[in-house]
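What follows is a short report on a single structure.
A short reminder: the numbers here are calculations on the coordinates, not readings from a lab. Everything numeric here is computed off the predicted structure, so don't read it as measured data. Note that we place each Cβ from the backbone using ideal geometry, even for glycine, and neighbour counts take in every protein chain shown.
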Amino acid sequence: MRKKLSAVAAAFVLIVAGVLVPATPALADSSCGSGFHCGWDIGFSTGKVAFFNSDADFRDNTFNTGVSVDNNIKSAKNRTSSNYVSLYLYEPNWEGDVAFCVNPGSQVENLPDIGQPGDGLGQANEASSLLLIASGPLPGCY
């Protein structure tokens, strides 16, 4: 009985650990798994990163191509069917203004790009953190 409980506990820990870190899908993958919030470095056929939870700091994340996620997201999908809105913020630790947001079940490809990455002027190449909020669809979001 003790061995069986240990195996179940170990499996649970592995499942939880997999959910709390960005997924690393195959290269050039336009899919975004159900329940995930995904970002691409250009369009939907380029480097991708997937998040199941909020992420306070993109500086420690990379797309599946090895490129840093920080200030490099140009396209995004919100594959939740619930009421979680993806808020992409200009600064790490969920600070600063919202660069752009994506409503549940929605997507945006090739966001408007103004200026240089990280200068806080446009939407593309500006996000440094992701905050998921349970508020249902929000006006003004993609």
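Things worth noting here:
- Among Asp41, Asp97, a tally of other beta-carbon atoms within 10 Å of each Cβ gives an order, fewest to most, of Asp97, Asp41.
- By the count of neighbouring beta-carbon atoms within 10 Å, fewest first, Val49, Val108, Val67 end up ordered Val67, Val108, Val49.
- Summed residue charge, Cβ within 11 Å of Ala124's Cβ, Lys/Arg positive, Asp/Glu negative: -3
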